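Everything below concerns the one structure shown next.
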Amino acid sequence: MKTYRYTLGALGLLLIAVGARLVAVLPDPLDVLVWLGGALVLHDAVIAPLVLGVGMLVAALPARGLTRGALLTGGAVLLVTLPLLLRPGAAPNASALPLPYGRNLLLVLGAVAVAAALLAAVSAVRSHGRRRRDT
């Protein structure tokens, strides 16, 4: 286990060095460093407390595993999609965003919510049936 940790740590340091080298050769590395600093502040001040708060609220639900999975899936879809939707200005070419991605994002998030609700309902019916047979 110790060798595994040291190997992963060395690979992490190597990737940090590669990233630092790539930033160093940019014509204006300050923009990237400001973006990274903003991402760090956004994560620590907004995203992490929000996730912890939602996790505490979800912990009281009977289908907390399913709810956490649905929230994780929805969050991942949102994180991938939002940079494209919030991009300032027009798309660099007409094929970059040819579809109504805002509407499609809402449809995908709705489908995730409906699938989670259906799975929760099926789980509740099954557990109710088991309790009736046991009594």
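The values are calculated or read from the model by the stated rules, or taken from the named source; none is laboratory data. Just so we're clear, the structure is a prediction, and the values are computed from it rather than from any experiment. Using ideal geometry, Cβ is built from the backbone for each residue, glycine included, and neighbour counts are taken over all protein chains shown. Side chains included, ligands, DNA and RNA excluded: accessible areas come from the protein's heavy atoms. Shrake-Rupley method; radii C 1.70, N 1.55, O 1.52, S 1.80 Å.
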Exactly one of G53, G102, G75 is among the small types (G, A, S), under 29 Å from A121 (Cα atoms) and touching a Leu at 6+ places or on another chain (Cβ under 8 Å), and that one is G102
Which of the residues that make up region 72-109 are open to solvent by 90 Å² or more (accessible area, probe 1.4 Å) and at pLDDT 85 or above?
L72, L79, V80, R103, L106, L107
